[in-house]
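First the structure, in the form of C-alpha cells, and then the observations on it.
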Amino acid sequence: MLNHFYIRDFAIVQQLDLGLSSGLSVMTGETGAGKSILIDALALALGERADSNAIRQGAAHAEVIAAFELTPDSDAALWLKKHDLFDDGECLLRRVIQRDKPSKAFINSRPVPVQSVKELGQLLVDVHGQHEHQSLLKRTAQRQILDDYTGIGKEVSELGNHFKELRELQTRLAQLKNQAQNREARLEVLRYQCRELETLSLSKEEVPELENEHHRLSHGASLLEGVQAAVHTLYDDDEHALSQLLARTTQQLEQLGEHDARLDDSTTLLNEAIIQIDEAASQLHQYLNSLELDPQRLQWLNERLAFIHDLSRKHQVKAAELPDVFGRLSQELADLNDADNNLAGLESALTQAREVYGALASIISSKRRHAAIKLGQEITERMQELGMEGGHFEVGCTDLDKDEITAYGRDRIEFLVSANPGQDSRPLSKVASGGELSRISLALQVVIAGLGRIPTLIFDEVDVGIGGRIAEVVGKQLRALGANRQVLCITHLPQVAAQGQQHLQVSKQTENDDTSTQIKELDEVQRIAEVARMLGGIEISQQTLDHAEDMLSRATA
C-alpha cells in the first residue's frame, strides 16, 4: 500500500508531505483547489511522461516521492526481486524533473530507466476515472481478472509451459524439414567439415598451451643469450660478478661495524641480498640447462596453429570454440543421417503436444465461459445499485482464429458494457463517459476485491453525475472495498466523504501573490465542518452541521 507521498515544487504545490493509511481515504476540497494535481504527481512517480512545464514557477526542478509497503509475495515484490531491487518489503519510487534535461527515475534509491518505473507502477497503483493510467482497459488485464475470478491460475501457468514446448517442437521440425530439402548437399559439407575437425582433434585447453609454447620457442635464441648474460653478471664473472662485489663490500662493513654497531643492520641486509642473488643465479643455471632450441618442434607448432586459425576463420569462431563447433556439426550430421526417424519422432511428439495443449485449453475455455456469465451478472447487479439502471455488463469470451493459439489459451477476452437501456454492448475501452467508466470499475473492483492483485486503487471523482441514495451506495461500496485493498477516492459528494476512514482536505492559498496547494488530515470536528460545507449553502447553519455529524455517525455505525 501507499503509505507516504512527498511532492516538492510540482505545479502549484510548493511542498507536501502526506501520510496515508489503509482502508478508504477520501480527498475533498473546493473545485480548483488542486486535487487533480496530486493525481498527476502520483502518476509521474509511477512512470508517466514528464513535462518540464510542471515545475513550479521559480524552482529549478520538481521532485515526487511515493513510498509503498509491500507483502513479500505480491506481484510488485516479485518484480523487485527479479530485477535485484527488493529492499525488505519497502518500495521507494522517486522522480525528478529538471528544466532542459531528461527526467530522472529511482527505485529504492537506485537510478533506473523510466520504463522500469512504469512497469512496476502498474503493479502498485490502479487509477480509475478520467486518467490514462488504467489497467482495466487493457485486454491482458481483463483476461487476468477473469482468470483470477475463475480461479484457474495454475491451469493457465501449466498451459503456458505446454505452449512453450509446442513452439520449440514446431521450430525444430521446421528446421529439420528445411535441412532435409537440401539433405545430400548438406551431408557432403558436414562430412568434410567434421573430418577436418576430427583430424584436428583439438581440446579446449590446448590452444593457449600451444600459443605459449610457440611464443617461447620462437624467442629461444633471445632467451638463451639474455639469460646467459644475466648469469654472467650475477655470478659467473670471476672478477666483476655482482655476488663477488657484494661479498667484498659486506666484508668491509663487517670490519667497520666493530667500531660502530649502527652498521650491523645494513650488513645484515647485504648478507640477505647475497643469498637471494646466489639463489637467483642457481635458478637461472637450471633454466639454461632445461632450455631447448628445437627447430622441428617449432615448425610443427607453426603448422598446427596455422591449421587451427584457418578453421576458426572458416567457421567464424574463436580458436578455443572449435571443439564446440565440432560437437554441434557432429550432432547435425547424426540428425541428417537419421532424418527420417527424427522427422517421424518430432512429428509424433508435436501431435502429442498439440493434443495435450488442446485438451487443457478446452478445459480452461469451458471454465472461463461459465465464469464469464456469472461475473457479467454480478457486475450488472452492481451497476443497478450505482445508478446505471438498465445498464448491462458482459464478459466476451470468443474463439481465436482457426489454428491461432497463445500461451494463455485459445480465447479472446473482452469486457463489454451497455451503460443505458436499449444500447448495444460495446467494448469497455469505447465507453465515452469517464463517470460511467469509473462506476463500472468500482462495481468490478468490489466484486473481485478479494482477488485483486494491485494493492492501491484510486478513484478519481467516481461520483460524477450521481447524488442522493446512489452517492451513499457508492460510498459504502468504496468503504467495503477498503477492507481488502487500500482505496483513495477524490470526491465532491458528502455521502461518499462521510464513509472515509481517513479524510484529507485540499485547499489553495495565496500569499504575497504566490499561490500554492496544501493538504491536511482532518480530525472529527474538522470533518463535520468539511462535510457540512459539501452539503451546501452560503452559510453553514447548525442544522447543516447536525446533518453532517449524523452522516458521519451512521457511516461508522
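The values are calculated or read from the model by the stated rules, or taken from the named source; none is laboratory data. The structure displayed is predicted, hence computed values, not measured ones. Glycine also receives a Cβ, built like all others from the backbone with ideal geometry; neighbour counts cover every protein chain displayed. Each accessible area value is taken on the protein alone, full model and side chains, heavy atoms only, with ligands, DNA and RNA left out. Shrake-Rupley method; radii C 1.70, N 1.55, O 1.52, S 1.80 Å.
In the chain, the longest principal axis of the Cα atoms and the axis of helix 322-337 are about 70 degrees apart.
Can you pull out the GluC sites (Glu not before Pro) in segment 286-370 whose DSSP state is coil and whose Cβ has at most 15 other Cβ atoms within 10 Å? Intermediate values should be presented prior to the final figure.
Values: sites: Glu292, Glu303, Glu321, Glu332, Glu347, Glu355; in loops: Glu292.
Listed in order of number, the matching sites are Glu292.
A 1.4 Å probe run over the protein chains yields, for the chain, 54 Å² of accessible area per residue, whole-number rounding.
Only protein heavy atoms count here; under a 1.4 Å probe, Lys374 has an accessible surface of about 110 Å². Overall, segment 237-372 carries a charge dipole of about 1880 debye about its Cα centre when +1 sits on the Cβ of Lys and Arg and -1 on the Cβ of Asp and Glu, all other atoms neutral.
Extending 7 Å from Cα along the Cβ direction at Asn178 and again at Gln252 yields two label points whose distance is 8.4 nm.
Note down the magnitude of the dipole of segment 80-225 about its Cα centre, charges +1 on Lys and Arg C-beta and -1 on Asp and Glu C-beta and zero elsewhere, to the nearest 20 debye.
Numbers: 23 positive and 24 negative charges, 187 e Å.
It comes to approximately 900 debye.
Classification of segment 90-189 by its C-alpha gyration tensor yields an oblate form. The axis ratio a/c (a ≥ b ≥ c) is 1.5 or more, and b/c is at least a/b.
Lysine pairs in segment 40-157 whose alpha-carbon atoms fall under 18 angstrom of each other, counting only those eight or more residues apart or on distinct chains, come to 4.
Using a ≥ b ≥ c from the Cα gyration tensor of segment 226-373 (square roots of the eigenvalues), is it rounded, prolate or oblate, where a/c under 1.5 gives rounded and otherwise the larger of a/b and b/c decides, a/b for prolate? Because a/c hits 1.5 or more and a/b fails to exceed b/c, segment 226-373 counts as oblate. Counted over the chain, the DSSP beta bridges are approximately 75% antiparallel. Using only side-chain charges placed at the Cβ, +1 for Lys and Arg and -1 for Asp and Glu, the dipole size of the chain relative to its Cα centre rounds to 3160 debye.
Annotation: extensible slack from Gln98 through Val227 equals 39.9 nm (criterion: 0.36 nm per residue apart, minus Cα-Cα distance). From the C-alpha coordinates alone, can you work out the Kirkwood hydrodynamic radius of the chain, in Å? Kirkwood hydrodynamic radius for the chain: 31.5 Å. Taking the charge dipole of segment 80-202 about its Cα centre, with +1 at Lys and Arg Cβ atoms and -1 at Asp and Glu Cβ atoms, the residue from Val114, Leu159, Leu146 reaching farthest to the positive side is Val114.
Annotation: segment 289-409 has a Kirkwood hydrodynamic radius of 21.9 angstrom, from the mean reciprocal C-alpha pair distance.
Taking every Cα-Cα distance in segment 352-418 and sorting them into 10 Å bins from zero, the calculated P(r) comes out as 21, 40, 23, 13, 3, 0 percent.
Here the peptides 209-217, 93-101 are ranked by packing, the mean other Cβ count within 10 Å, and the order with the highest first is 93-101, 209-217. Relative to the longest principal axis of the Cα atoms of the chain, helix 220-231 runs at roughly 70 degrees.
For segment 347-457, the share of accessible area belonging to carbon and sulfur comes to 48 percent (1.4 Å probe, ligands and nucleic acids excluded). Shape index of segment 119-268: Rg/Rh, with Rg the Cα radius of gyration and Rh the Kirkwood radius from the inverse mean 1/r over Cα pairs, equals 1.50. If one computes the Cα centroid of segment 144-210 and of segment 520-548, what distance in Å separates the two points? Taking the Cα centre of segment 520-548 as reference, the centre of segment 144-210 is 71 Å away.
Taking a ≥ b ≥ c as the square roots of the eigenvalues of the Cα gyration tensor of segment 32-144, is the shape rounded (a/c under 1.5), prolate (a/b larger than b/c) or oblate? Walk me through the numbers on the way to the answer.
Numbers: a/c = 2.01, a/b = 1.29, b/c = 1.55.
It is oblate, given that a/c is not under 1.5 and a/b is not larger than b/c.
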